[in-house]
1. Quick check on the range 140-153. Is at least one of its residues modelled with pLDDT under 90 and closer than 30 Å to residue 12 by Cα?
2. Restricting attention to the range 134-160, and to residues there that are part of a strand (DSSP E or B) and of a type in the set (Lys, Arg), which single residue is nearest to the chain's Cα centre (by Cα)?
3. Taking the options 100, 183, name whichever one is open to solvent by less than 50 Å² (accessible area, probe 1.4 Å) and within 18 Å of residue 30 (Cα to Cα).
4. In the range 1-53, how many are at pLDDT below 90 and farther than 18 Å from residue 154 by Cβ?
5. Quick one: how many residues across the range 11-65 are of a type in the set (Phe, Trp, Tyr) and closer than 24 Å to residue 99 by Cα?
6. Tell me the residue from 165, 121, 109 that is modelled with pLDDT of 90 or more and closer than 30 Å to residue 19 by Cβ, please.
7. Give, as residue ranges, the strands (runs of 3 or more DSSP E) completely inside the range 29-133 that count at least 1 residues that are touching a residue at least 40 places away in the same chain (Cβ under 8 Å).
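The values are calculated or read from the model by the stated rules, or taken from the named source; none is laboratory data. Computed from a prediction, not measured in an experiment: that's the story for all the values here. Using ideal geometry, Cβ is built from the backbone for each residue, glycine included, and neighbour counts are taken over all protein chains shown. Side chains included, ligands, DNA and RNA excluded: accessible areas come from the protein's heavy atoms. Shrake-Rupley method; radii C 1.70, N 1.55, O 1.52, S 1.80 Å.
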Amino acid sequence: MLGWAVGLLLAAFVLFCPIFLTIYLVTDLRRKRCWFAFYILRHVKLHGGYAAPYRSGIAFHLTDKKAVLLPYAEIVSAKGKFQITRGFRVFAYSQVFETGSAAHFGSALLLAAAVQNAAVLLRGVLRAKKKCRRFCGDVLLHRDADVLQLSQRIVLGFNLFILLLAGAKLLLRKLMEERKAYGRKRQKQAGE
């Protein structure tokens, strides 16, 4: 009897305990590349690589020999397909924007000010809509170097129960769509 109770408590703990996913992004706007890494529980690396644009989309380089191509048309059409991410909560967000220009320092200074103002707006949105607990946005200005880079760290929290519910909802929706398509096909065959 004690074994069942311990097993049940352990299962409830695993289902409802928050799990943290940390995403690191480093975007070099001059080289047009974005390096990424995903960590679970802050120390266990899930995956990493980099993304770069190609003629008709974005290429995600997962290894030295493997890349996944994502056309821009699929990105636009996939807008509603990521409802499973509603179970994720943004706990923390931090960014460091680096800019500089040896030839046009005034332009770099104006860009740094604009980015700092945009960070203030982003902070308000994340706190109001996503209940983000911690936000940090900094700007580094380089005087003698040509730099244009954004480094980000995003900490998301979720639990397996919410993820399983969202997955079940997506599966149920897919089954309902298949059932409707099957019913229309049967009606069409009956009418012929």
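1. Scanning the range 140-153, I find no residue that is modelled with pLDDT under 90 and closer than 30 Å to residue 12 by Cα, so the answer is no.
2. Filtering the range 134-160 down to residues part of a strand (DSSP E or B) leaves 134-142, 147-158.
Applying the additional criterion that residues be of a type in the set (Lys, Arg) yields 134, 153.
Details: 134: 17, 153: 11 Å.
If we take residues in the range 134-160 being part of a strand (DSSP E or B) and of a type in the set (Lys, Arg), then 153 is nearest to the chain's Cα centre (by Cα).
3. Values: 183 fails: within 18 Å of residue 30 (Cα to Cα).
Just a single option satisfies the conditions, and that option is 100.
4. 17
5. Pass one, the range 11-65, residues of a type in the set (Phe, Trp, Tyr): 13, 16, 20, 24, 35-36, 38-39, 50, 54, 60.
Those left that are additionally closer than 24 Å to residue 99 by Cα: 24, 35-36, 50.
So the answer is 4.
6. Numbers: 165 fails: modelled with pLDDT of 90 or more; 109 fails: closer than 30 Å to residue 19 by Cβ.
It is 121.
7. Numbers: elements: 33-40, 44-54, 57-61, 67-71, 89-100.
Per the criteria, 89-100.
Residue by residue, here is whether (1) under 28 Å from residue 171 (Cβ atoms); (2) hydrophobic (A, V, I, L, M, F, W, C); (3) open to solvent by less than 60 Å² (accessible area, probe 1.4 Å) holds:
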| site | (1), (2), (3) |
| --- | --- |
| 17 | yes, yes, yes |
| 20 | yes, yes, no |
| 23 | yes, yes, yes |
| 26 | no, yes, yes |
| 46 | yes, yes, no |
| 74 | yes, no, no |
| 93 | no, no, yes |
| 114 | no, yes, yes |
| 124 | no, no, yes |
